[in-house]
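To start, the structure itself, in structure tokens.
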Amino acid sequence: MELDVPVGTAVVGCGRVSDAHIGAIKSQPGAGTLVAVVDQNLDLARATAEKYGAKHAFSSIEEALRVPEIEAFDLCLPNHLHGTATIQCLNGGRHVLVEKPMADDYETAVAMGRAADAAGKILAIGQSRRHGSAIRYVQDNMSSFGELRAIQASFCMYWDGPQAPWWAERTREEGLVFSLLGSHTIDFVQMVLGPHPLRVHAEAARLRDCWKAEDEALILLRYPNNKMATVHLSYNQQPFFERYCLLFDKSIVEVRDVNTVLVNDEVVFAPVEGATLLVTNELFTNQFAEFAAACRGLPNRSALHPHGIALMRVIDAALESSLKNQTVNLNW
Ligand SMILES: NC(=O)c1ccc[n+]([C@@H]2O[C@H](COP(=O)([O-])OP(=O)(O)OC[C@H]3O[C@@H](n4cnc5c(N)ncnc54)[C@H](O)[C@@H]3O)[C@@H](O)[C@H]2O)c1
């Protein structure tokens, strides 16, 4: 992508996922420039700045907000910080790409959306898996598959324990797989069936003691026009299993690992090389290009805040359903 002026960006949070975000910026100099990196651990921020050639390393967003070259913040922070950090950056007059899930709850997501509207800036959510080219293939060919009836979506994988310390602290009320995996999978369902399901029912379980919240969940979504979807989320599944099956009247479209598409069991879209890993460069590269396009007012496939807010409402409803053991009706 070649923009007239690449988007000057600060990446905040130099932990696990930050390499993918920084790599996406560095590999697309026509789309963005890495101006600064920020981490509360200043040594880590400095080491990251040196590794990737960022001009500045800071320990707080406040310091980065003083740099006029920074037009956008790319927030790779733990989930509970997404709300406050996003609002701080938007109030500072900057665009924001915030990692998924948008927030820890619907109310926070609404407040973030209000801040974006008030600032007149882009707020995009890092729904990286929607940027796989197989997902785009399905989106672009929807009308050729027939009449869609239902979706069966699964995102089931294995972690031997918390991958960041804050995973272990998440409570049942905050949710684990509902929030960390569900944000990806429900994003896909909502892209296809629309953002506004009528009813949500969910069951959850915790199979292992290394965390406090659910590591296994099944969600049933009822949409207008008699459409339905199931979403299965797990941190207990070996081998890795990520499938979205779209059941049309006369065909079955299956997306495997967000990189392969089969129609009636025949491969119609094959993965790009190296795209079988969980975190692929392609997803994050496409994601940043779409975000940069959004910042410049160009057409884009970003998950923008109105979609993100609806997604948070569905995640909250799934959590509520599983905790209260009842179906949640949604009035939009
Ligand atoms: N899209 C994906 O596929 C994907 C994959 C992994 C993680 N994520 C998301 O990315 C986010 C970050 O996850 P992670 O695994 O990289 O977490 P992490 O814990 O490895 O990294 C977070 C970093 O933020 C820093 N930090 C914490 N508080 C800070 C503050 N107040 N100011 C500045 N820096 C601060 C920490 O020092 C740490 O380096 C999460 O929201 C997670 O859900 C998304």
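The table below lists the values:
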quantity: Efficiency of FRET from Cβ geometry, C245 and E62, R₀ 45 Å, rounded to 0.05; calculated: 0.45
quantity: Loop GluC sites (Glu not before Pro), the range 213-303, which have at most 13 other Cβ atoms in a 10 Å radius of their Cβ (DSSP); calculated: E273
quantity: The chain - charge dipole about Cα centre, Lys and Arg +1 at Cβ, Asp and Glu -1, debye rounded to 20; calculated: 460
quantity: Net charge, L181 excluded, C-beta distance under 12 Å - Lys, Arg +1, Asp, Glu -1; calculated: -3
quantity: Computed lengthening from R199 to I252, 0.36 nm per intervening residue step minus Cα-Cα distance; calculated: 16.6 nm
quantity: Contour minus Cα-Cα distance for E2 and Q40 (0.36 nm per residue); calculated: 10.4 nm
quantity: Accessible surface, per residue, of the chain when the full set of protein chains is kept, probe 1.4 Å, Å²; calculated: 43
quantity: Which of S27, S322, S143, S179 is most accessible, then next, and so on - probe 1.4 Å; calculated: S143, S27, S322, S179
quantity: Leading residue at positive end of dipole, the range 194-267 (Cβ point charges), from L221, N236, V267; calculated: L221
quantity: Radius of gyration and Dmax over the Cα atoms of the range 230-332, both given in Å; calculated: 17.3, 45
quantity: Cα gyration tensor of the range 153-250 - equivalent ellipsoid semi-axes, whole Å, descending; calculated: 26, 14, 10
quantity: The range 184-307 - charge dipole about Cα centre, Lys and Arg +1 at Cβ, Asp and Glu -1, debye rounded to 20; calculated: 460
quantity: Cα-based Rg / Dmax (Å) for the range 63-159; calculated: 17.0, 53
quantity: For the range 1-137, radius of gyration divided by Kirkwood radius, i.e. Rg to Rh on alpha-carbons; calculated: 0.95
quantity: Globularity index of the chain, i.e. its alpha-carbon radius of gyration over 2.2 N^0.38 Å; calculated: 0.97
quantity: Neighbour count of at most 11 Cβ within 10 Å plus DSSP loop: longest trypsin sites (Lys or Arg not before Pro)-free window in the chain; calculated: 67-249
quantity: Net charge of Cβ neighbours under 10 Å - reference A36; Lys, Arg +1; Asp, Glu -1; calculated: -1
quantity: Carbon and sulfur %, accessible surface of the range 60-169 computed with the full protein complex present, 1.4 Å; calculated: 49
quantity: GluC sites (Glu not before Pro) lying in DSSP loop within the range 14-101, provided at most 13 other Cβ fall within 10 Å; calculated: E69
quantity: Helix-only CD estimate at 222 nm, as mean residue ellipticity for the chain, using -39500 (n - 2.57) per DSSP H run (n ≥ 4); calculated: -10500 deg cm²/dmol
quantity: Cα pair distances of the range 107-156 binned at 5 Å [whole percent]; calculated: 4, 14, 14, 17, 13, 15, 15, 8, 0
quantity: Contour minus Cα-Cα distance for Y137 and T171 (0.36 nm per residue); calculated: 8.5 nm
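The values are calculated or read from the model by the stated rules, or taken from the named source; none is laboratory data. Computed from a prediction, not measured in an experiment: that's the story for all the values here. Cβ atoms come from the backbone with ideal geometry, glycine included; neighbour counts cover every protein chain shown. What goes into the accessible areas is simple: the full protein's heavy atoms, side chains included, and nothing from ligands, DNA or RNA. Shrake-Rupley method; radii C 1.70, N 1.55, O 1.52, S 1.80 Å.
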